[in-house]
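Taking it in order: structure first as structure tokens, then the write-up.
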Amino acid sequence: MDRFKNLGQLQTPIWIYDFDRQQILWANPAALTLWETQDLQELTQRDLKSGMSQAVKATLDTYREKFMAGEAFRTWWNISPNQKHKRILCDLSGIELENGRLAMLVHAISEENQLRGDLAFSKGSNLSLLFDRDGYIVSENDAFKHFSRLSVNHLSTLTGSQQRAEKWLIEARHSGELRKEINLTIEKQLYSFRVSAHWIEHSDQLLLELTDISKQKEQILTAQFEANHDYLTGLYNRHGLLQQASSWTKTKNAFHLVFIDLDGFKMINETYGHTLGDQLLIALSKRLQYLLPEAFAIARFGGDEFVVLLPIQESLEQKLSHINQKLSQQYKLKSSVSVSVNASLGCTTFSTQDDLSVETTIQYANYAMHRAKEQGKNRYQIFTHELARAMVRKSLIRQHLSSAIANNQFSLHYQPIICGKSGTLHGAEALLRWYDKELGHISPAEFIQIAEDSGQIVALGDWVVKNALRQLSLWKNSFGDDFVVSINVSRIQLHSGFSSYIKRLLEQYQVNPKQVAIELTESCMVYNMDDVKQWLGELSNLGVKIYLDDFGTGYSSLSVLQQLPIDMVKLDKSFVQSNDESGLAIIQATSVICDKLDLQVVAEGIEDEKQKHLMIQYNYAFLQGFLFSRPINAEEFAKLYLQ
């Protein structure tokens, strides 16, 4: 065996197995240790064939065929030297002996216990079973007996049915080989096996080699679960929901898709911390699952957004209202903390008649949810196509808004404010107008809220103030010092540096501060009252007037009048145009209150002579409305009031 001398230098076990004599011909020192002997002669004389099962013999026959075809491969091999069971990962290849016979060269890479932590290697490889042509067991190797107490009498034990076993036998006999996967419950534990089947022509038998892939399967299933489920709540995630919704659309069965967004969740996170916020999301997820056992799928779509697929409901509105009501009930969390949170719901229905994608269906429900928020939150909205058109327009407005100032699309129009008794001009309110070539005329009612939500109101508001003061500087000699231009300011614009900004513009355009009025709605006052009081005080100290717009529509009017440096109150047009007793009572009360507080008052929305005379009767000093003029551009305003 001098020709194998160089192989003896290897540090890993290597030996040569003689197929014909069924014994080891040669082994290196490392292999002797593996085989539990120090004597090569003793190893070569061991009787290996007496305990060899027919399954092992059949396996060795297939190996010989592969080696003759020039193949080499890696597999697990089982040996039992001195009754010690060992499982070894081996590289197997054919080697030609001096007399021309073919033997097997075995290179042992590592024992199983050395690779136990390596998930790339299967622990159940080289489990061999031999079946006759009818599928009855002929033999099983020791490795299978060692691995399992499963009693296999027929191939159907592995396939799960007689019909499937017959199918395997026919396929193997026809093609020579099979590759399958099976699941077996062995001693109350589920295993997954990869099956490699080989038909042995000369003996008319089927040889199966089983590789345990349970861990790999478990890893795959875990990875699939994690890919499709939210890590925090265990619900479907966005990806998983899209898959579920897609599968339901393919069935052509109608269903409801409900988009849920929590109201004020950010405040809970900021108040109690993200840990408690996560606890709330988990508790809410469990409540959704309890409330909606009939749901096809429930998903945490991201952050504090959830999506539910529901079967068609006979009373959909009642169902949505019930979800709203139950979600708003208190949640008892860890650390003895109880919190409440509301939700806004949007719902759309997937119909077999609609050729809609899943993404479009979700988008429609999202549109409806946002409309529910706009309407005051803690409510539901069912999608309509009119709503979709409105939301698309809103999206376009948001996109175009970012470039509208740079493209010079905005302009200021002015609506006169008239002295009630004399009919002379007192001043004008500067009103923002926007014309877009694609979208046409866009009303402030459409774009102001969008600008506030997106933060673009700051740049837009600065543009309005700057251009209104610039126009006033051009008019100051023509209209006199008593002429006042009032400018609407958003609550977002109102901050600690706002008075300094106004002061710089007053100086830049050489405008008398008493000719400038800042108009604020009551909504500006309910945020950080102490700060608002300071900021308005700074403006008032400059000499700038403060107007309170839309008076009577808010919730804190009287306290605002007492605490803030208000110069003029503008009664909302809804009361001026009201024909009922309650509207008249508010007109009277506002006049009396403002007279007692020494405040001037403007009646907005005057459209006819009757309204005009009524306001004069109740001592409204100033009037504004379409009766006198619609908002017009600066050039028209000058022509109308300077001639």
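Each label was represented as a point 7 Å from its Cα along the Cα-to-Cβ direction; for residue 218 and residue 435 these points are 7.3 nm apart.
With K and R counted +1 and D and E -1, the other residues having a Cβ less than 9 Å from that of residue 409 yield a net charge of 0.
Packing, as the average of other Cβ atoms within 10 Å across residues, places the peptides 505-514, 459-468, 193-202, 256-265 in the order 256-265, 459-468, 193-202, 505-514, highest first.
Is the C-alpha gyration tensor of region 545-643 telling us rounded, prolate or oblate? Criteria: a/c under 1.5 is rounded; beyond that, a/b larger than b/c is prolate, otherwise oblate. Oblate is the answer for region 545-643, as a/c is 1.5 or above yet b/c matches or exceeds a/b. Length gained on full extension, residue 399 to residue 598: 67.1 nm, using 0.36 nm per residue less the C-alpha separation.
Accessible surface calculations at 1.4 Å, restricted to protein heavy atoms, place region 196-322 at 50 Å² per residue. In a fully extended conformation the segment linking residue 335 and residue 111 would gain 75.5 nm over its present Cα-Cα distance, using 0.36 nm per residue.
Potential lengthening of the chain between residue 312 and residue 39 amounts to 90.3 nm, from the contour at 0.36 nm per residue minus the alpha-carbon distance.
Other residues whose C-beta falls under 15 angstrom from the C-beta of residue 506 contribute a net charge of +3, scoring Lys and Arg +1 and Asp and Glu -1. The angle separating the long axis of helix 316-327 from the principal Cα axis of greatest extent in the chain is about 90 degrees. Summing charges over neighbours of residue 310, with a neighbour being any other residue whose Cβ is under 9 Å away from its Cβ, gives 0 when K and R count +1 and D and E count -1. Using the alpha carbons alone, the radius of gyration of the chain stands to its Kirkwood radius in an Rg to Rh ratio of 1.29.
Taking each DSSP H run with n ≥ 4 as -39500 (n - 2.57) and averaging over every residue of the chain yields -12500 deg cm²/dmol at 222 nm. Exceedance of the 29 Å cut-off in Cα-Cα distance is limited, within the set 334/377; 421/545; 466/570; 57/180; 252/332; 188/334, to 252/332; 188/334.
Using only Cα atoms, find the angle between the long axis of helix 274-291 and the longest principal axis of the chain, and express it within 0 to 90 degrees, rounded to the nearest 10. Once rounded, one gets 80 degrees. The angle between the Cα long axis of helix 581-596 and the main principal axis of the chain comes to about 70°, on a 0 to 90 degree scale. A 1.4 Å probe run over region 564-643, with the rest of the protein chains in place, finds 54 Å² accessible per residue. Per-peptide packing, taken as the mean over residues of other Cβ atoms within 10 Å, places 275-285, 217-227 in the sequence 275-285, 217-227 from highest down. Note on residue 227 and residue 145: with the Förster distance fixed at 56 Å, the Cβ-Cβ geometry gives a FRET efficiency of about 0.90.
DSSP assigns beta bridges within region 314-433; of those with both partners inside it, close to 75 percent run antiparallel. For residue 531 and residue 275, a Förster radius of 51 Å and the Cβ-Cβ distance give a FRET efficiency of 0.95, rounded to the nearest 0.05.
Amide H to amide H, with H built 1.01 Å from N, residue 154 comes under 5 Å of 137, counting only residues 5 or more places away or on other chains. As a rough guide to protection, the peptides 624-630, 571-577, 605-611 ranked by mean Cβ packing within 10 Å, highest first, stand as 571-577, 624-630, 605-611.
The values are calculated or read from the model by the stated rules, or taken from the named source; none is laboratory data. Everything numeric here is computed off the predicted structure, so don't read it as measured data. Note: ideal-geometry Cβ built from the backbone for every residue, glycine included; neighbour counts use all protein chains shown. To get the accessible areas, we keep the full protein, side chains included, count just its heavy atoms, and leave off ligands, DNA and RNA. Shrake-Rupley method; radii C 1.70, N 1.55, O 1.52, S 1.80 Å.
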